[in-house]
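The values are calculated or read from the model by the stated rules, or taken from the named source; none is laboratory data. Quick caveat, the model's predicted, so the values are computed rather than measured. Note: ideal-geometry Cβ built from the backbone for every residue, glycine included; neighbour counts use all protein chains shown.
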Amino acid sequence: MGIRDRLSGNEAVANAMRQINPGVVAAFPITPSTEVPQYFASYVADGKVDTEFIPVESEHSAMSACIGAQAAGVRAMTASSANGLALMWEMIYIAASSRLPIVMAAVNRALPGPININNDHSDTMGCRDSGWIQIYSETNQEAYDNLIQAVLIGEDKSVMLPVMVCYDGFITSHAVENIELISDDEVKKFIGKYHPDYSLISSSNEIAMGPLDLPIHYFEHKRQQGEAMRNSKDVILRISKKFHEMTGREYGLFEEYRMSDAEICIVIINSTAGTAKFVINKLRESGVKAGLIKIRVYRPFPVEEMVKSLSNCKAVAVMDKADSFNASGGPLFTDVTSAMYGRVNKNIPVINYIYGLGGRDVKVEDIEEVFYRLIKISNSGDVGEIYNYLGVRENSSDRDGI
């Protein structure tokens with residue numbers, strides 16, 4: 001039986017960290033992730049964990065400390081957002097290439113400039129190809145559940161990669177929701193003890209980390225990282241199954257909402273999925289076969305599974321809360337269309353919407369506008385503009401003529 005509570009997303013994640021009781025937490029405050037280490041520091045002060053809490057002078061130092069701790073053989077965790085994540089950039093890549101299963105709560109916030117402290121996905125999308133597994137969370141419950149699962153995913157012997165658990169700043173991080181917590185004993189039993197095969201302080205198996213890697217070896221090491229990322233897909237599903245057995249809550253690589261007979265579909269990430277589900281339910285009442293795919297695991301990208309789910313649709317819209325500034329579409333759109341190219345027997349129109357940048361509100365009417373556009377495309381076959389912006393003031397409505 002779960003423990004019912006009401007917590008913000010940040011407090012839920014800090015609770016998960018407390019239950020995991022890592023060897024080291026190193027962090028530097030930055031809105032909107034500041035509360036995570038703040039809550040955790042109180043657990044340390046109250047003697048509720050054995051963790052060595054390291055308040056560092058920058059986010060670069062926070063990730064550096066986590067790398068050192070994990071390399072020494074203990075679990076290490078941190079939290080960051082936006083500019084803080086950007087300041088970690090060098091060490092983000094080193095953590096992944098060193099095959100250290102650090103876990104980070106990445107609370108999504110827009111990357112300046114101009115200066116903005118509100119939500120979009122530009123921070124974590126910017127490091128999507130750094131070698132970190134990326135798991136996204138619509139709700140507080142999902143952020144909590146994903147953080148606990150992240151420990152075992154990263155530490156699997158066939159993976160050994162760092163994991164970031166992403167959720168929307170303020171929308172999820174600060175909003176209080178009902179949540180079902182797992183008991184401390186169950187979490188402890190679920191994750192078990194950390195026993196790395198290699199560590200810097202091992203006397204029986206001496207290693208070096210962070211060496212100069214010349215062309216004779218570098219390529220092979222990067223290929224090994226790629227194989228580990230591919231391996232992680234099966235591990236994620238295995239850990240999700242184990243988690244389901246413990247809690248009754250089921251997770252996959254993505255959520256399919258009313259997709260069994262869907263003819264038009266939106267692909268989306270994080271909290272806006274809730275608004276989209278509301279719109280889909282309204283459309284279904286009027287006979288429109290609308291559906292949703294909510295990405296949970298973005299790295300590794302679920303190529304085969306995504307293609308299978310979308311293969312019967314007549315039109316698809318991919319929603320990006322970050323822009324790639326490549327004049328062709330956002331990062332999620334690029335991945336979805338790349339996955340579908342050459343793997344679907346028929347031509348399925350796929351359009352892209354950039355939305356919600358810098359915390360711009362995404363309303364029911366905005367999501368309805370996307371679905372009205374998809375209805376037009378499925379009826380007429382006329383795709384029109386592929387690369388679109390939603391909720392920008394110069395946009396005209398696609399409702400006319402429906």
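There is no residue in the range 152-171 that is of a type in the set (S, T, N, Q) and within 17 Å of the chain's Cα centre (by Cα).
Among Leu212, Leu181, Leu237, which is at pLDDT below 95 and outside the structural domain of Val307 (by TED's automatic domain parsing)?
Working: Leu181 fails: at pLDDT below 95; Leu237 fails: at pLDDT below 95.
So the residue among Leu212, Leu181, Leu237 that is at pLDDT below 95 and outside the structural domain of Val307 (by TED's automatic domain parsing) is Leu212.
Beta carbons closer than 7 Å, at least 6 apart along the sequence or on distinct chains, pair a first residue in the range 206-220 that is closer than 22 Å to Ile67 by Cβ with a second that is surrounded by 10 or more Cβ atoms within 10 Å (Cβ to Cβ) and modelled with pLDDT of 95 or more for Met209/Ala71; Met209/Ser98; Gly210/Ile94; Gly210/Ser98; Asp213/His221. Which members of the range 145-168 meet the condition of being within 16 Å of Lys188 (Cα to Cα) and in contact with a helix residue (DSSP H, G or I) (Cβ under 8 Å, 6 or more places away or on another chain)? The answer is Asp145, Leu147, Ile148, Gln149, Val151, Leu152, Ile153. Scan the range 224-252 for residues that are buried (at least 16 other Cβ atoms within 10 Å of the Cβ) and under 30 Å from Gly287 (Cβ atoms) and jot them down. Scanning the range 224-252 gives no hits.
Quick one: would you say Asn388 is at pLDDT 95 or above, outside any loop (DSSP other than H, G, I, E, B), in contact with a Gly (Cβ under 6 Å, 6 or more places away or on another chain) and not charged (D, E, K, R)? Before the answer, list the steps.
Numbers: at pLDDT 95 or above: yes; outside any loop (DSSP other than H, G, I, E, B): yes; in contact with a Gly (Cβ under 6 Å, 6 or more places away or on another chain): no; not charged (D, E, K, R): yes.
Here the answer is no, as Asn388 does not meet what is asked.
Among the residues making up the range 321-337, those that are touching a residue at least 24 places away in the same chain (Cβ under 8 Å) and out of contact with any Ser or Thr (no Cβ under 9 Å at 6 or more places or on another chain) are Ala327, Leu332, Asp335, Val336.
Restricting to the range 8-59, count the residues that are part of a loop (DSSP other than H, G, I, E, B) and touching a strand residue (DSSP E or B) at 6+ places or on another chain (Cβ under 7 Å).
The total comes to 7.
What do you reckon, is Ile239 under 18 Å from the mean Cα position of the chain (by Cα) and not in a loop (DSSP other than H, G, I, E, B)?
yes
Name every residue in the range 195-213 that is under 30 Å from Ala82 (Cα atoms) and buried (at least 16 other Cβ atoms within 10 Å of the Cβ), in order of residue number. Selection gives Met209 alone.
Identify all residues within the range 71-85 that are of a type in the set (A, V, I, L, M) and touching an Asp or Glu at 6+ places or on another chain (Cβ under 9 Å); write none if there are none. If you could, list the steps in order and put the result at the bottom.
First, the residues of the range 71-85 that are of a type in the set (A, V, I, L, M): 71-72, 74, 76-77, 79, 82, 85.
Scanning the range 71-85 gives Val74, Ala79, Ala82, Leu85.
Yes or no, residue by residue, for (1) assigned to a loop (DSSP other than H, G, I, E, B); (2) of a type in the set (Val, Ile, Thr):
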position	(1), (2)
Met319	no, no
Asp323	yes, no
Asp335	no, no
Val383	yes, yes
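So which of Lys308, Lys282, Lys314 is out of contact with any Phe, Trp or Tyr (no Cβ under 9 Å at 6 or more places or on another chain), surrounded by fewer than 18 Cβ atoms within 10 Å (Cβ to Cβ) and within 19 Å of Asn345 (Cα to Cα)?
None of the others qualify; the one that does is Lys308.
So which residues in the range 251-286 are assigned to a helix (DSSP H, G or I) and under 16 Å from Ala315 (Cβ atoms), if there are any at all? Matches in the range 251-286: Ala276, Val279, Ile280, Leu283.
Test Ile207 against the stated conditions and say whether it is modelled with pLDDT of 95 or more, assigned by TED's automatic domain parsing to the domain that holds Gln70 and assigned to a loop (DSSP other than H, G, I, E, B). Criteria not met by Ile207.
Pairs linking a residue in the range 360-387 that is under 16 Å from Ile268 (Cβ atoms) to a residue that is in a loop (DSSP other than H, G, I, E, B) and among the acidic types (Asp, Glu), with Cβ atoms under 6 Å and 6 or more positions apart or on different chains, are Glu369/Asp398; Arg373/Asp398.
Let's see how each residue does on (1) more than 19 Å from Pro196 (Cβ to Cβ); (2) touching a Cys at 6+ places or on another chain (Cβ under 6 Å); (3) not β-branched (Val, Ile, Thr):
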{"residue": "Val24", "(1), (2), (3)": "no, no, no"}
{"residue": "Pro55", "(1), (2), (3)": "yes, no, yes"}
{"residue": "Cys66", "(1), (2), (3)": "no, no, yes"}
{"residue": "Ala71", "(1), (2), (3)": "no, no, yes"}
{"residue": "Ala79", "(1), (2), (3)": "yes, no, yes"}
